[in-house]
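The values are calculated or read from the model by the stated rules, or taken from the named source; none is laboratory data. All values derive from a computational prediction rather than experimental measurement. No Cβ is skipped: glycine too gets one built from the backbone with ideal geometry, and neighbour counts run over all protein chains shown.
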Amino acid sequence: MDASMSNRTKQRRSGGLTLLLYQRTLHPELFKILASEQVTRRAYNADIWLVEGGHVITFLAGKTSLTEVIATNHDPLVERNFLQSIPCRGEKYHEMTVGENVRYMISTQEEQLTQTLYDATREEISTYAERRELMSAEGVSSTDGGGYLSVLDIERRSHELLVQSFHLFDENLLVMKTQAIIEVIKGT
């Protein structure tokens, strides 16, 4: 294998994101929060944080809590009430019920693009976020020094929360898209 192939593999592996699920809330000091929003509905409350390298969604319905973390760190942040860790390579779909009253579904798609396609995708997502006034953050990572763009498109419904995310990493031309639905199961 030549050096350029080896280098590309290293870059790709270092940029991968991981989905971490907890049945608890996580302390904000664990993250570098770039933007946040609170959602309050009769059926649930949610905290949504755009953090460096990903996002955090905490969903509370009655006594049930679920926290989704999309992050570059592959290790659980805390062990207590840690449910699962899922690498977000390629395309994935995951569904589960937490407690008796919360259903969680997520699809993830990770793509490594050519420079031209990455630049066009970054511009398109940036324009989309600006036009729709979405939660977004753009900057340079404090961990690897590479540029990034993160965007969250949040849809707040009476019994469910839909969050579509876009996380782009300039250094390795990586685009990560997720779509999560967290809903309160009616009649519980």
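Computed quantities for the displayed model
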{"read-out": "Subset of the stretch 142-172 that is part of a loop (DSSP other than H, G, I, E, B) and at pLDDT 95 or above - its residue that is farthest from E100 (Cα to Cα)", "value": "R157"}
{"read-out": "Flag if S85 is hydroxyl-bearing (S, T, Y), under 15 Å from the mean Cα position of the chain (by Cα), at pLDDT below 95 and under 30 Å from G62 (Cβ atoms)", "value": "yes"}
{"read-out": "Search result, residues across the stretch 147-169 that are within 19 Å of L34 (Cα to Cα) and either without any contact (Cβ under 8 Å) to a residue 12 or more places away in the chain or surrounded by 19 or more Cβ atoms within 10 Å (Cβ to Cβ) (or both)", "value": "Y148, L149, S150, V151, L152, V163, S165, F166, H167, L168, F169"}
{"read-out": "Scan of the stretch 16-25 for residues that are surrounded by fewer than 20 Cβ atoms within 10 Å (Cβ to Cβ) and in a loop (DSSP other than H, G, I, E, B), ordered by number", "value": "G16, Q23, R24, T25"}
{"read-out": "The stretch 102-119, residues that are part of a loop (DSSP other than H, G, I, E, B) and not aliphatic (A, V, I, L, M)", "value": "T114"}
{"read-out": "Qualifying positions in the stretch 133-146 - surrounded by 14 or more Cβ atoms within 10 Å (Cβ to Cβ) and either closer than 20 Å to I181 by Cβ or free of Cβ contacts under 8 Å to residues at least 12 places away in the same chain (or both)", "value": "L134, M135"}
{"read-out": "Of the criteria (1) of a type outside the set (S, T, Y); (2) surrounded by fewer than 15 Cβ atoms within 10 Å (Cβ to Cβ); (3) over 17 Å from the mean Cα position of the chain (by Cα), which one R103 fails", "value": "(2)"}
{"read-out": "Qualifying residue in the stretch 129-141 (condition: under 30 Å from L60 (Cα atoms), in contact with a Ser or Thr (Cβ under 6 Å, 6 or more places away or on another chain) and not in a helix (DSSP H, G or I))", "value": "yes"}
{"read-out": "Qualifying residue in the stretch 114-123 (condition: surrounded by fewer than 16 Cβ atoms within 10 Å (Cβ to Cβ), of a type in the set (S, T, Y), in contact with a Phe, Trp or Tyr (Cβ under 9 Å, 6 or more places away or on another chain) and modelled with pLDDT of 95 or more)", "value": "no"}
{"read-out": "Q23 vs. criteria farther than 26 Å from Q112 by Cβ, without any contact (Cβ under 8 Å) to a residue 12 or more places away in the chain, out of contact with any helix residue (DSSP H, G or I) (no Cβ under 8 Å at 6 or more places or on another chain) and among the polar types (S, T, N, Q)", "value": "no"}
{"read-out": "Set G53, G90, G15: member being at pLDDT below 95, farther than 27 Å from S158 by Cβ, in contact with a Phe, Trp or Tyr (Cβ under 6 Å, 6 or more places away or on another chain) and of a type outside the set (A, V, I, L, M, F, W, C)", "value": "G15"}
{"read-out": "Subset of the stretch 29-39 (residues that are in a strand (DSSP E or B) and free of Cβ contacts under 8 Å to residues at least 12 places away in the same chain)", "value": "Q38"}
